[in-house]
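To start, the structure under review is shown below, and the notes come after it.
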Amino acid sequence: MPSEASSDRRGRQKLDRETVNTLVVFGLSIVLIVCSRFISPALGSWSQVLTVLILASFLIILSFGQGLVILIGGLDLSIPALITLGGVLTTTWVGTSDAGVWYMLPAILAICALVGAVSGIGIVWLKVPPFIMTMATSIVVASVALGYTSGTPRGGSPSALLWLMKAWFLGVPVVIYFTLAFILFGWLLQNFTALGRRLRALGTNRNAALIAGVGVNRLELVPYAVSAACAGFVGMMLVGYSNGATLRMGDSYMLPSIAAVVIGGSSILGGSGTFIGTVGGAILLTTLGTMISAIGLSEGWRTIIEGGIIVGALLVLRGEFLTHIGNRMLTRGK
Amino acid sequence: MSAIAANPAPRRSPFWRAVISGTGIVALIYVLLYALYAFWQPDALSVYTFTDLVNNSTPLALAAAGETLVVISRGFDLSVAGVVSLTNVLMAVYPLDGPGGALVSLLMCCAIGAVVGMINGILVARLGLQTIAATLGTMIVCQGLALVILDAPGGMVADFVTYTLTDTLFGVVPIAGLFLVAAIVLWLAFRRTNTGIGLYAIGADEQSARFSGVAVSGVRITAFVGAGILYGVAGFMLSAQTATGNPTAGTPFLMLTFAAVALGGTPLSGGRGSLVGSILGAGTLMLLQKVLFSGGVSSFYTGIFQGFVLVLAIVFGNTVARLLRKDDAR
Amino acid sequence: MSTDETRLAVRIAKIAKSYGPTVALDSVSIDLRPGEVHALLGENGAGKSTLVKILSGVVKPDSGSMSILGSPYTPHGIVDARTQGVATAFQELSLLPNLSIAENLMLPKMPRGMLGLASHRSAMAAAGRILSDYGLAHFDPDTPVGVLSLSDCQRLEIVRAFTHAAKLLILDEPTAALADVEWLFELVRRQKTLQTAILYISHRLGEVRTLCSRATILRNGRSIGTVELSGASDENIFEMMVGRSARETINALPKTGEAAPVALGVKGLSGGILSDVSFDVRQGEIVGIAALEGQGQRDLFRTLIGLAKARGGSVEIDGVRAQISSPGAALHFGNGLAYLPEDRKSEGILAGLTTASNMVLPIISRVGRSGIVWPAGERRAARETAAVVDLQERYLHFKIDELSGGNQQKALLARVIMTGARTLLLFDPTRGVDVGTKQSIYEAIRKFAADGGSVLFYSSELPELVHLAHRCIVLYGGRIFAEYQGDAIDEQTIVGALIGHARGAKTGVAA
């Protein structure tokens, strides 16, 4: 082993990669909003910014769950199905009647979380790869939703959700306050709690976390349950937003939920990333989406751009990955 | 070097090894299932029913065959969904009739698959991305392209393709089946090339393979390109089946290919398995669906069935792999 | 030493290699003559493996030069190195378990048959010829490598290297798992007569003296010097390896009472290759496990901490019968049991997290304030124990992968101490760390025991067992072969017991 002076020279950098990435993503969002004025005068106005933020709030909440799953090195492909499940159960079980809304909504979230936990059980105990297990859960849930509603969900939104999505307070929509609170909560949970720290340890190196005394098996269920609950909640928000549910209401959210996390600086291999970065990624993606619609590009182009962004972000983040591999080879050499 | 037994396991004859390999097991399941099907529906033994079954299974079988190449090299390829959708809409939007047109279409499908596979291979082998992440990206881009070309289901596939490829040769041999036979023959030749043996080597242990002189990135890129070409042919055959274009035609393939691969005895952890098993696995999945839904279960619940079969196939594959680990059978 | 380069088989001059901030090789120079068996000696982490990778063409050096028979040698890869006559039997074995013996021997190019496809028959024939040529005629070339014993795998790895090595053969710890070393010695002597230079890496000095004429010693990535083995004593060599004589570090051992309560009681434990192992570790006692590679020490530690299932027997922690299912559960049996794993990188550190976070992870729920864990709080919690293991406080907010291996090891030791467990299981606690760090680690372990804690440790280095252990248990073939107490623990005695023989037996026979 070389002397300490030579090998410990790197020290703490003032700005680590995560911070830089977060700043870049937020910066890009602002630049985009400003630039969008050139495309259409309606863009970039205060009300337009608020609209973008409302649309971004769906993605922010979804990508918190997806982010936790990616943090432990997994991938959740069941998000669209759980959005639909949350939405359909809300309109059919509660609906406009508001019957028992105060315990029904939490109960629906609990059901969603349970579905997520089932995915987790398949991944941990049946050793099914995460993307396959969540894909299987997804198709089962979608099928149940289809069968349950016979193809056409009925019912409207409970008034509480209408209030959440439509009401304003001090010139700002209520949902934005809610999202800000959620961001604070998510950021603290992921980066400054024992749970978040353990999840990060699990994602960094499952084996080392196990040996350090972390109960990895049960812990691994948590992100899947949280992600499913977040998706279910977004389903409820969408019900409030459009006053109804459809079977395809979640379809367009799967790729953005992954893209937001990856753009936000999390490693797809797990073990790194902050929720603040993910929030930046979600806002950037939503801004971009709004611009694409304004230019009049079709759904196809939008998808291509999203795919390109995911690959581009992965390539940019790869530098870190390569140093990681370099270190690993070094240890093998020792 | 994980699976080193303290004592050499008893050797088994090649025949016995083939029988208890994943391929042997799935072949047995297929035959039993077919017998059951014939028991319930006596016309199952007719040429018509068999041709129909082969036609239905071919696109999935080819896609699963392609996926197998990547899985053996220890990777996952999600781009299958994108390539199948993209080639399907191209077939429907730009139909080329006649045998010459069919050949050009086929080559075009192969070329698209090869390009996507090459991009995947470069992203993974040269640029160091994880297979799931890289192929997720290419899948999305391909699906986007498919939507740009055709934004809603529609279009018409050339009649020659539709009729000829679903027909039989001499009234008994399904033409679609010939594609499968061709894929199997090519595979059997490929696994006796240096690259083919290298494929198993990098799937078992990339570092050891490198230390043994295997050109790791070259083999990995070959696997992705080969897979892409097979997805292209799968898209071609799917178009012949459906006779129309659908920009999301490939989406169901994503799940079903992995189920077919696992059912065919190729463990998702790499280094083992066979393309033949995956083709039989795909056939078994389609047959199973046929057997169960001939009973008249509401099609609303197809997804429940598929989800459970997927998980069960993986668990089954894991179990077989564990049982076979000591008695290596590639 | 000859200055005439053409008379040298291989010249390695001032080779250096860094990985990011870490220097693996600083400056290494070695000259090998044709037909010479040259030993490469050095502690774990001295840079031997990096040098092997550079010579094999796996890794490119940052600077320096290599030449073979006077012409420059700059391999582009492992195949290129082979075509230039350089081949390596790797310590970590580079065989593919899912391929047959023949395929492994032929890789990466199979002999071709009809249609240009690989011919099974000619591969079998070619492999059969190679196997019988190297005295392994009883191997069936069609056997998958996965079913071979570790010893047979090692033989195959060696044979494969021999078949490609015309000018330079590198044998990296070739006897680590070898059952029959005479077989290898015979092959080495035969290869010598073909004027192949052989670089022989082993930590078994006896073997080295039998086979080699000269040895080059590596320390901290530098070649310290080349010695004629006939003129150098073990002490000289050891001193060159560690930088000073080890004898002076022996400390007086504190006496422990026979009456101290038993902290860890193991009765008839079986699992893996472990069979019927019984011993006690008392409070305040440090018990060392001595064993050659693969004698059951790994199974013992992994079973005790709940990473592997016991087949039989019982474990008591502080008098409580324990069924330990995981390391997390082990922390809470009796007064607790904590484990320092074998491989720092793959089982120990959590790269990307700060040193403080790594240290407090097992007790993270106690560090938080109303559920929130602030980085400053972690550092505060880690500070005291960091001092015990002599880890500088400024390192606590570094990411742990930016620390040297020695400091990482100190942090991991601090982690197990911080858990509050009163019994520690330490697997090779000083693997690959420098001498100064070793002393800090020894101090911390002694202090822990002096405060009434119990320690069970395994070490691959005999002097460490001699210095540290109050009692030493020798494992051989999964059983307790011998046990020594206090002054009876000396290197000579243990060396004999390690190989399952009385003192002075043939060296290096591992089952």
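The values are calculated or read from the model by the stated rules, or taken from the named source; none is laboratory data. Everything numeric here is computed off the predicted structure, so don't read it as measured data. Virtual Cβ from ideal backbone geometry, glycine too; neighbours counted across all protein chains shown.
Brief remarks on what is shown
- Subset of the stretch C:207-225 (residues that are outside any strand (DSSP E or B) and within 14 Å of residue C:38 (Cα to Cα)): C:207, C:208, C:209, C:210, C:211, C:212, C:213
- So residue A:209, is it surrounded by 18 or more Cβ atoms within 10 Å (Cβ to Cβ), away from chain C (no Cβ under 14 Å) and either under 19 Å from residue A:145 (Cβ atoms) or of a type in the set (A, V, I, L, M) (or both): no
- Flag for residue C:337 being within 23 Å of the chain's Cα centre (by Cα), at pLDDT 90 or above and in the same structural domain as residue C:294 (by TED's automatic domain parsing): no
- Annotation: of all residues in the stretch C:120-153 being within 10 Å of chain B (Cβ to nearest Cβ) and out of contact with any helix residue (DSSP H, G or I) (no Cβ under 9 Å at 6 or more places or on another chain), the one that is surrounded by the fewest Cβ atoms within 10 Å (Cβ to Cβ) is C:149.
- Counted residues, the stretch A:145-173 - those being in contact (Cβ under 8 Å) with a residue 40 or more places away in the chain, within 14 Å of chain B (Cβ to nearest Cβ) and either closer than 26 Å to residue A:278 by Cβ or not polar (S, T, N, Q) (or both): 5
- Scanning the stretch B:234-251 for residues that are part of a helix (DSSP H, G or I) and either small (Gly, Ala, Ser) or closer than 11 Å to residue B:114 by Cβ (or both) yields a count of 4.
A quick yes/no check of all residues on (1) touching a residue at least 40 places away in the same chain (Cβ under 8 Å); (2) within 14 Å of chain C (Cβ to nearest Cβ); (3) under 13 Å from the mean Cα position of the chain (by Cα):
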| position | (1), (2), (3) |
| --- | --- |
| A:215 | no, yes, no |
| A:232 | yes, no, yes |
| A:235 | yes, no, no |
| A:251 | yes, no, no |
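- In the stretch C:400-425, the residues that are assigned to a helix (DSSP H, G or I), more than 11 Å from chain A (Cβ to nearest Cβ) and within 14 Å of residue C:341 (Cβ to Cβ): C:411, C:413
- Matching residues in the stretch C:41-70 - criterion: being outside any loop (DSSP other than H, G, I, E, B) and within 14 Å of another protein chain (Cβ to nearest Cβ): C:42, C:48, C:49, C:50, C:51, C:52, C:53, C:54, C:55, C:56
- Selection status of residue B:85, modelled with pLDDT of 90 or more, in a helix (DSSP H, G or I) and more than 29 Å from residue B:317 (Cβ to Cβ): no
- Any hit, the stretch B:140-149, residues being more than 14 Å from chain A (Cβ to nearest Cβ), in a helix (DSSP H, G or I) and under 22 Å from the mean Cα position of the chain (by Cα): no
- Residue check: residue C:309 meets all listed conditions (1) more than 14 Å from chain A (Cβ to nearest Cβ); (2) of a type in the set (D, E, K, R); (3) assigned to a helix (DSSP H, G or I) but one, namely (3).
- Residue C:400 passes every criterion in (1) under 25 Å from residue A:207 (Cα atoms); (2) surrounded by fewer than 22 Cβ atoms within 10 Å (Cβ to Cβ) apart from (2).
- Counting the residues of the stretch B:189-235 that are of a type in the set (Lys, Arg), surrounded by fewer than 24 Cβ atoms within 10 Å (Cβ to Cβ) and within 25 Å of residue B:111 (Cα to Cα) gives 2.
- Test: residue in the stretch C:448-461 that is at pLDDT below 85, touching an Asp or Glu at 6+ places or on another chain (Cβ under 9 Å) and within 18 Å of residue C:293 (Cβ to Cβ): yes
- Residue C:79 under 20 Å from residue B:201 (Cα atoms), assigned by TED's automatic domain parsing to the domain that holds residue C:11, out of contact with any Phe, Trp or Tyr (no Cβ under 9 Å at 6 or more places or on another chain) and assigned to a helix (DSSP H, G or I): yes
- For residue A:80, the criteria (1) farther than 25 Å from residue A:278 by Cα; (2) surrounded by 17 or more Cβ atoms within 10 Å (Cβ to Cβ) hold in every case but one, which is (1).
- Within the stretch B:286-293, not a single residue is crowded, with 24+ Cβ neighbours inside 10 Å and either under 30 Å from residue B:208 (Cβ atoms) or touching a residue at least 12 places away in the same chain (Cβ under 8 Å) (or both).
- Just one of the listed residues (C:91, C:154) is under 29 Å from the mean Cα position of the chain (by Cα) and part of a helix (DSSP H, G or I), namely C:154.
- Flag for residue C:115 being surrounded by 18 or more Cβ atoms within 10 Å (Cβ to Cβ), at pLDDT below 90 and facing another protein chain (nearest Cβ under 8 Å): no
- Taken over the stretch C:374-399, residues that are in a helix (DSSP H, G or I) and either more than 27 Å from the chain's Cα centre (by Cα) or more than 10 Å from chain A (Cβ to nearest Cβ) (or both) amount to 18.
- Considering residues of the stretch C:278-295 that are of a type in the set (A, V, I, L, M, F, W, C) and outside any strand (DSSP E or B) only, the residue surrounded by the fewest Cβ atoms within 10 Å (Cβ to Cβ): C:292
- Pick from the stretch B:117-128, criterion assigned to a helix (DSSP H, G or I) and within 12 Å of another protein chain (Cβ to nearest Cβ), ranking: surrounded by the most Cβ atoms within 10 Å (Cβ to Cβ): B:120
- Candidate set from the stretch C:339-362 (those that are of a type in the set (Ser, Thr, Tyr) and closer than 20 Å to residue C:394 by Cβ); member that is farthest from the other protein chains (Cβ to nearest Cβ): C:355
- Breaking point among (1) touching a residue at least 60 places away in the same chain (Cβ under 8 Å); (2) within 14 Å of chain B (Cβ to nearest Cβ); (3) at negative phi, for residue A:176: (2)
- Candidates are the residues of the stretch A:262-274 that are within 11 Å of chain B (Cβ to nearest Cβ) and among the aliphatic types (A, V, I, L, M); the one that is surrounded by the fewest Cβ atoms within 10 Å (Cβ to Cβ) is A:269.
- Of all residues in the stretch B:239-253, those satisfying the criterion of being surrounded by fewer than 24 Cβ atoms within 10 Å (Cβ to Cβ) and within 14 Å of chain A (Cβ to nearest Cβ) are B:246, B:248, B:251, B:252.
- When B:144, B:154 are screened for being closer than 30 Å to residue A:302 by Cα and in contact with a Phe, Trp or Tyr (Cβ under 9 Å, 6 or more places away or on another chain), only B:144 passes.
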